Amino acid sequence: MVTADAVIHGDRDRLIGYSDAEHPVVLQLGGSDPAKLAEASRIAEDFGYDEVNINCGCPSDRVQSGRFGACLMQEPDIVAECVAAMREAVSIPVTVKCRVAVDEDPPRETLFGFVDTVAAAGCEIFTVHARKAWLSGLSPKENRDIPPLDYGLVADLKAERPDLTIILNGGIKTLKESAEHLKTFDGVMLGRAAYQTPYILAGVDRLIERGEGGDTFDMQARLDALDVYRPYMEEQLAAGWKLSAMTRHMMGLFAGQPGARGWRRTLSEKAVKPGAGLSVLDEALEHVTNAVVDA
């Protein structure tokens, strides 16, 4: 997520730059000012983004103070105004990500009322994190775990609003679970599972094309992925980015496999050092490849 103000006034290449290999790619915006969100959306479209999304789900203190994130679920009319302004400004889809409710607000009434109000402004796609957001008393991390999941409520939303595209988010850890949810929902969003075990994404095409949700381990495919990623890392290092900016997203690539601990330790300790280069990646990889040979 990037705030609308940052997109308008900040270093855009640094904040919202991306690789062409990432398409289709979505820019999630934070804000509550329709004019600013419209301008940020225009910038996103000019940058080649395929979609812009309004964050109405983040519960952190920082976003509350900026009047965006989950607190906006209590102001659906404002979100509707933002959606209308953004849709007027761009031709790409404008979507919303939200929770089911906030604090003591009743979940069903809150979720359905919010979605109906925002949908009336032209939003057709909603990603729903199937938990409440507690704006006080719980940290952002606790908000990802402690409020109970209510997949049934989100399923009811899909059943009663079949014309809308409803994407389920929250607590989904495997492709097998994803395959089950796709029987009910239009899509599934993986958050921490994709970050902590990124190789899970290698099976998504198989899931979509054949409905197979099994999670597999293929060492060679993971090594091949690193080979494909390596030229990109070289380009980014040459452009002045730190190695850790890229390797921190790779910590879980070999999760649960022999050598994974040495892989993570080497990257976490050495990739952050000034001047760290791809030799650190090679050193980390030795822990994995040596473990395979020893096995």
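The values are calculated or read from the model by the stated rules, or taken from the named source; none is laboratory data. None of the values given here were measured: they were computed from a predicted structure. Cβ atoms come from the backbone with ideal geometry, glycine included; neighbour counts cover every protein chain shown.
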Residue pairs meeting the criteria (Cβ under 8 Å; at least 6 apart or on separate chains; first closer than 17 Å to Asp282 by Cβ, in the range 248-262; second assigned to a loop (DSSP other than H, G, I, E, B)): Ala260/Phe254
Mind listing just one residue for me: the one in the range 195-216 that is in a helix (DSSP H, G or I) and crowded, with 16+ Cβ neighbours inside 10 Å and, of those, modelled with the lowest pLDDT? Leu207
Within the range 133-180, restricting to residues that are closer than 16 Å to Leu111 by Cβ and acidic (Asp, Glu), the one that is surrounded by the most Cβ atoms within 10 Å (Cβ to Cβ) is Asp150
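Can you tell which of Arg87, Arg108, Arg67, Arg42 is of a type in the set (Lys, Arg), within 22 Å of Asn169 (Cα to Cα) and assigned by TED's automatic domain parsing to the domain that holds Leu149?
None of the others qualify; the one that does is Arg108.
Listed here are the residues, each with its yes/no results for (1) of a type in the set (Phe, Trp, Tyr); (2) under 22 Å from Ala38 (Cβ atoms); (3) crowded, with 24+ Cβ neighbours inside 10 Å; (4) touching a residue at least 40 places away in the same chain (Cβ under 8 Å).
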| residue | (1), (2), (3), (4) |
| --- | --- |
| Ala80 | no, yes, no, yes |
| Met86 | no, yes, yes, yes |
| Glu104 | no, no, no, no |
| Thr110 | no, no, no, no |
| Val128 | no, no, yes, yes |
Looking across the range 16-40 at residues that are at pLDDT below 95 and in a helix (DSSP H, G or I), the single one that is nearest to Gly69 (Cα to Cα) is Glu22
Go through the residues of the range 122-132 one by one and say whether even a single one is more than 22 Å from the chain's Cα centre (by Cα), modelled with pLDDT of 95 or more and acidic (Asp, Glu). no
Looking at the range 245-277 only, could you name the residues that are aliphatic (A, V, I, L, M) and within 27 Å of the chain's Cα centre (by Cα)? Ala245, Met246, Met250, Met251, Leu253, Ala255, Ala260, Leu267, Ala271, Val272
